[in-house]
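Asker: Here it is: the structure, laid out below.
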Amino acid sequence: MYGRLPDFHLSEDGHLMAKAAAGWFAGRDIAALYTSPLDRARETIAPLAAATGLSPVIDVRLIEADNKFEGEVFRMGRLADPRVWRRFTNPFRPSWGEPFQEVADRMWSFTQEAREAARGREAVCVSHQLPIYTARRLAEGVRLWHDPRRRQCGLASVTSLVFEGEALARVEYSEPAAHLVRHPSIPGA
């Protein structure tokens with residue numbers, strides 16, 4: 001699990017996916033670009049920055065969720081290991097990392113600022129699977145805890161929170177790079 005570790009970069013396929021995602025935004029009225037400070041997020045937004053001429057703003061609120069398994073290889077069979085049980089005392093919070101509500105709060109705070117900055121145009125924000133999906137669940141008014149195997153948040157996907165004025169009108173989802181995913185696993189992993 002990469003988590004917040006530095007020096008994890010996009011693979012060759014990841015760069016192709018970033019270009020496909022950038023192509024999806026062609027012709028859209030983009031006012032601002034934002035990205036997580038992590039290398040892989042900054043590399044993901046680079047093709048869109050080149051296409052639009054906009055400089056991405058790095059915002060720490062878009063960073064990956066904190067996770068106690070960061071830097072470890074994690075498989076579901078690992079749950080049988082008694083040494084990790086203490087990390088799973090509360091799957092609804094979760095006890096192995098940053099609480100869902102904290103992720104939702106920082107992402108929603110950021111979303112409101114990005115919406116205000118774009119004012120009637122679009123802001124593109126590159127983050128990571130758990131923060132994106134948590135923000136989506138908050139926007140949809142459903143519980144924040146969920147089964148990570150069921151997330152609709154694929155690699156280089158686009159989750160759009162569409163506002164009409166200050167009110168959230170709808171959530172949209174697209175996978176412009178789905179054709180490039182060679183080995184599907186847990187979505188977004």
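The values are calculated or read from the model by the stated rules, or taken from the named source; none is laboratory data. Keep in mind that this is a model prediction, so the values were computed, not measured. As a convention, Cβ positions derive from the backbone with ideal geometry for all residues, glycine included, and neighbour counts pool all protein chains shown. Accessible surface areas use protein heavy atoms only, side chains included; no ligands, DNA or RNA. Shrake-Rupley method; radii C 1.70, N 1.55, O 1.52, S 1.80 Å.
Asker: Based on this model, can you work out whether residue 183 counts as at pLDDT below 90 and loosely packed, with under 14 Cβ neighbours inside 10 Å?
Answerer: Answer is yes for this residue.
Asker: State all residues of the stretch 94-139 that are of a type outside the set (Gly, Ala, Ser), at pLDDT below 95, farther than 16 Å from residue 4 by Cα and open to solvent by 20 Å² or more (accessible area, probe 1.4 Å); if no residue qualifies, say none.
Answerer: Hit for the stretch 94-139 is 119, nothing else.
Asker: Mind checking whether some residue in the stretch 34-49 is part of a strand (DSSP E or B) and at pLDDT 95 or above?
Answerer: yes
Asker: (1) open to solvent by 20 Å² or more (accessible area, probe 1.4 Å); (2) under 25 Å from residue 3 (Cβ atoms): which one isn't true of residue 33, the others all being true?
Answerer: All conditions pass for residue 33, except number (1).
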